[in-house]
Structure formats: structure tokens, C-alpha cells
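Novice: One structure is given below, represented as C-alpha cells, and several questions about it will come after.
The values are calculated or read from the model by the stated rules, or taken from the named source; none is laboratory data. The structure presented is a predicted model; accordingly, all values stated were derived computationally and were not measured. Every residue, glycine among them, receives a Cβ derived from its backbone with ideal geometry; neighbour counts consider all protein chains shown. All accessible areas refer to the heavy atoms of the entire protein, side chains included, with ligands and DNA or RNA removed. Shrake-Rupley method; radii C 1.70, N 1.55, O 1.52, S 1.80 Å.
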Amino acid sequence: MVKYLSKKIDVQFLNLGYVPNEEDDHVLEIVDSVLEPLDPIRAHVNLYEKALSMCPEYPNLKNIKILEVGCGTGSGVEWISRAHPAIDSTKGVDKVVTKSLNGSIVEGNAENLPFDNNEFDMIVNIESSHLYANPSKFFKECARVLKTGGYLCWADIRYSQQIFDVEVQAADANLQTVAFEDITNGVLRGLVHTSSRYDKLIEKAPWYIRVFRNTLRTTYCAPGTESHKRLLKHEKIYASACWRKQAS
């Protein structure tokens with residue numbers, strides 16, 4: 001479905017988006033250096049930068065190997081390489097590969113990553129882990145393929161009573177919390193931009209896609225949907241975090 005929609009309605013990023021506040025000036029600086037103010041992907045890449053900014057090494061990401069788990073269309077892999085040219089390499093893995101980017105993206109499962117132990121300096125995971133059958137296995141796989149001292153930068157949504165389960169899952173995988181932040185309000189600001197664009201894309205889409213308009217709007221938490229109301233009421237929380245792999 002993702003592969004199909006990305007071709008039919010120009011879906012580059014699948015995340016809800018994020019609009020920083022003034023305290024995120026380091027995030028704004030990176031994005032401003034690459035994009036024009038009205039670039040349509042801006043809110044989406046803001047979310048990537050917010051997650052990366054949780055790492056204490058940010059924004060000086062140099063000579064490191066990065067893996068994006070759950071990379072979707074691959075646009076996040078392209079963005080990281082574009083915005084942080086001093087990194088050594090960026091790879092991606094997803095169950096469905098829409099484009100390989102010359103072999104940089106491979107097919108694989110987040111709960112059984114097709115990589116060697118201690119292969120990466122950083123893992124990025126954006127709005128994907130809530131879909132995994134066993135998030136605990138995902139965290140353990142991240143710890144396995146990360147080098148000691150490597151970082152997992154993460155952003156995702158959970159019901160409010162479940163949001164801190166990820167802290168427990170990460171700790172069980174020998175990942176120590178560096179930073180953890182509720183970014184729901186920033187995501188709600190981002191949705192003003194991303195949902196408006198998605199709505200317009202759907203209106204121009206073929207009729208057999210427009211039939212699923214309500215379902216799609218719920219998926220991307222468009223204003224007026226129940227999924228959006230849950231965020232407004234903080235029944236669901238959107239968080240961003242960074243964990244560091246400890247020595248065994």
C-alpha cells in the first residue's frame with residue numbers, strides 16, 4: 001500500500017510532522033540551511049531533526065554510520081545524508097522497499113535486522129515502532145547492531161498509559177536513557193501543515209483512493225478525526241527520545 005500510494009499521490013514522508021518552538025533553535029538552524037521556508041516537506045524533516053537533536057553529539061554528526069529502521073519510502077535516508085553531509089554513511093531497512101537508493105536501503109524486519117553485531121554508530125526510528133508486533137525485540141535488535149556507546153534516536157506515538165513502556169523495553173535491551181521528551185504539542189503544530197497537504201493530494205487522487213479518504217485522514221490524524229482528538233486531549237502522547245548502548 002505504501003509503495004502504491006507513494007507513486008500515485010506523491011507521498012515522500014509518512015510521519016505526522018513537527019513544528020519546533022524557539023527552544024529548538026538548533027533544529028531550525030539545520031533545516032533552514034537546507035530548505036526554503038515554505039518547502040512542503042519541512043514539517044516532516046523537522047521531526048527527523050528533532051529526534052536526532054536528542055543525541056548529545058548533535059548537530060556535529062561526523063564520520064558515523066547511521067541506520068534508519070522503518071525507513072518507508074527512503075526519503076528520510078535521503079534527508080539525513082543531505083542535511084548532515086559529514087556522516088560516513090546512511091542506510092535504511094524496511095519490510096517494503098520502494099527505492100533502493102543504490103543499495104542503501106534493504107528489505108528486512110525491525111525485529112530481526114539483517115545486519116552484523118556492532119555495525120552502526122546511530123539508529124534512527126521515526127513513527128514506526130508502534131506498528132511492530134514485539135517492540136521489545138526491536139529494542140534488543142537495535143542494541144545488537146549498535147556499537148557500544150552508539151545511540152538510538154526515536155520518535156513515535158503511544159497511548160498515554162503506555163508511553164513509558166518504551167523506557168522499560170529500552171532498559172531491558174541495555175539502552176540507557178539520554179533524553180526523553182513529550183513533543184505532542186509540536187506534532188499538533190506540524191499536523192496543521194502535513195494534514196492540509198495530504199488532504200489536497202487525496203482530492204487530486206484517483207477515485208479508488210478517494211474512496212478511502214476518511215480512513216486515510218484518520219491515519220494521518222487530520223483535524224476533526226478521532227485520532228487528532230486523542231492527541232489534543234493527550235489521550236495519546238507523541239514522544240522523542242535518545243538512548244545510548246551500554247557496555248555489556
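Novice: For region 56-132, what is the relative contact order in percent, using Cα pairs closer than 8 Å and at least 6 residues apart in sequence?
Specialist: Relative CO of region 56-132 lands at 36 percent.
Novice: Give the shape of region 51-129 as rounded, prolate or oblate, defined through the alpha-carbon gyration tensor: a ≥ b ≥ c are the square roots of its eigenvalues, a/c under 1.5 means rounded, and otherwise the shape is prolate if a/b is larger than b/c and oblate if not. The partial results should precede the final answer.
Specialist: Values: a/c = 1.58, a/b = 1.43, b/c = 1.11.
Cα axes put region 51-129 in the prolate bin.
Novice: Now for a separate question. I need the shape label for region 28-90. Rule: rounded when a/c is under 1.5, else prolate if a/b > b/c, else oblate, with a, b, c from the alpha carbon gyration tensor.
Specialist: Cα axes put region 28-90 in the oblate bin.
Novice: Tell me, what is the percent relative contact order of region 1-123, built from C-alpha pairs under 8 Å that lie six or more residues apart?
Specialist: Taking the mean separation of contacting Cα pairs over the length of region 1-123, I get 23 percent.
Novice: Once label points are set 7 Å from the Cα along Cα→Cβ at both Asn63 and Asp88, what is their separation, rounded to one decimal in nm?
Specialist: 0.9
Novice: Taking a ≥ b ≥ c as the square roots of the eigenvalues of the Cα gyration tensor of region 141-248, is the shape rounded (a/c under 1.5), prolate (a/b larger than b/c) or oblate?
Specialist: Details: a/c = 2.96, a/b = 2.14, b/c = 1.38.
Judged from the Cα gyration tensor, region 141-248 comes out prolate (a/c at least 1.5, a/b above b/c).
Novice: Could you give the nm distance between label points at Asp116 and Lys233, where each point is 7 Å from its Cα heading toward the beta carbon?
Specialist: 5.1
Novice: If you roll a 1.4 Å probe over region 45-103 with all protein chains in place, what percent of the accessible area is carbon or sulfur? Intermediate results must be reported in sequence, preceding the final value.
Specialist: Working: 950 of 2250 Å².
Ligands and nucleic acids excluded, carbon and sulfur give 42 percent.
Novice: I've got another one for you. Within 10 Å, count the other beta carbons around each residue, average over each peptide in 47-55, 235-243, and list them highest first.
Specialist: Packing order, densest peptide first, comes out as 47-55, 235-243.
Novice: Turning to a different aspect of this structure: Which percentage, to the nearest 5, of the DSSP beta bridges contained in the chain is antiparallel?
Specialist: 50
Novice: Suppose we keep just the DSSP beta bridges with both residues in region 24-130; what percent of those would be antiparallel, to 5? Mind showing how you got there, number by number?
Specialist: Working: 1 of 12 bridges.
The answer is about 10 percent antiparallel.
Novice: Here's a follow-up. Counting only DSSP beta bridges with both residues in region 93-233, what percent are antiparallel, rounded to the nearest 5? Write down the numbers at each step before the final one.
Specialist: Working: 1 of 9 bridges.
Of all bridge pairs located within region 93-233, approximately 10 percent are antiparallel.
Novice: If you don't mind, there's one more thing I want to ask. What does the charge count around Phe138 come to, taking other residues whose C-beta lies under 15 Å from its C-beta (Lys +1, Arg +1, Asp -1, Glu -1)?
Specialist: That sum, taken over residues with Cβ under 15 Å, equals -3.
Novice: Now, a different point. Length gain on complete extension for the stretch Lys99 to His26, per 0.36 nm per residue less the alpha carbon to alpha carbon distance?
Specialist: 23.2 nm
Novice: Here is a further query. Taking just the alpha carbons, could you work out the radius of gyration and Dmax for region 5-147, both in angstroms?
Specialist: 14.7, 41
Novice: Let me ask you something else. Could you tell me what fraction of 2.2 N^0.38 Å the Cα radius of gyration of the chain comes to, as a two-decimal ratio? It would help to have the intermediate numbers written out before the result.
Specialist: On the way: Rg = 17.2 Å, N = 248, 2.2 N^0.38 = 17.9 Å.
Its radius of gyration relative to the 2.2 N^0.38 Å reference: 0.96.
Novice: Pulled fully out, how much extra length does the chain show between Leu131 and Phe212, if you take 0.36 nm times their separation in residues and subtract their Cα-Cα distance? Let's see the in-between values first.
Specialist: On the way: separation 81, 0.36 × 81 = 29.16 nm, distance 2.02 nm.
Extra length from Leu131 to Phe212 when fully extended: 27.1 nm.
Novice: Count charges around Arg42 for me, please; just the other residues with Cβ under 14 Å from its Cβ, Lys/Arg as +1, Asp/Glu as -1. Present the calculation step by step, with values, prior to reporting the outcome.
Specialist: Numbers: positive: Lys50, Arg82, Arg189, Arg197; negative: Asp24, Glu29, Asp32, Glu36, Asp39, Glu49.
Surrounding charge for Arg42 is -2.
Novice: Could I have the simple spin-label model distance between Glu181 and Asp165, label points 7 Å from Cα toward Cβ, reported in nm to one decimal?
Specialist: Once both label points are built, they end up 2.5 nm from each other.
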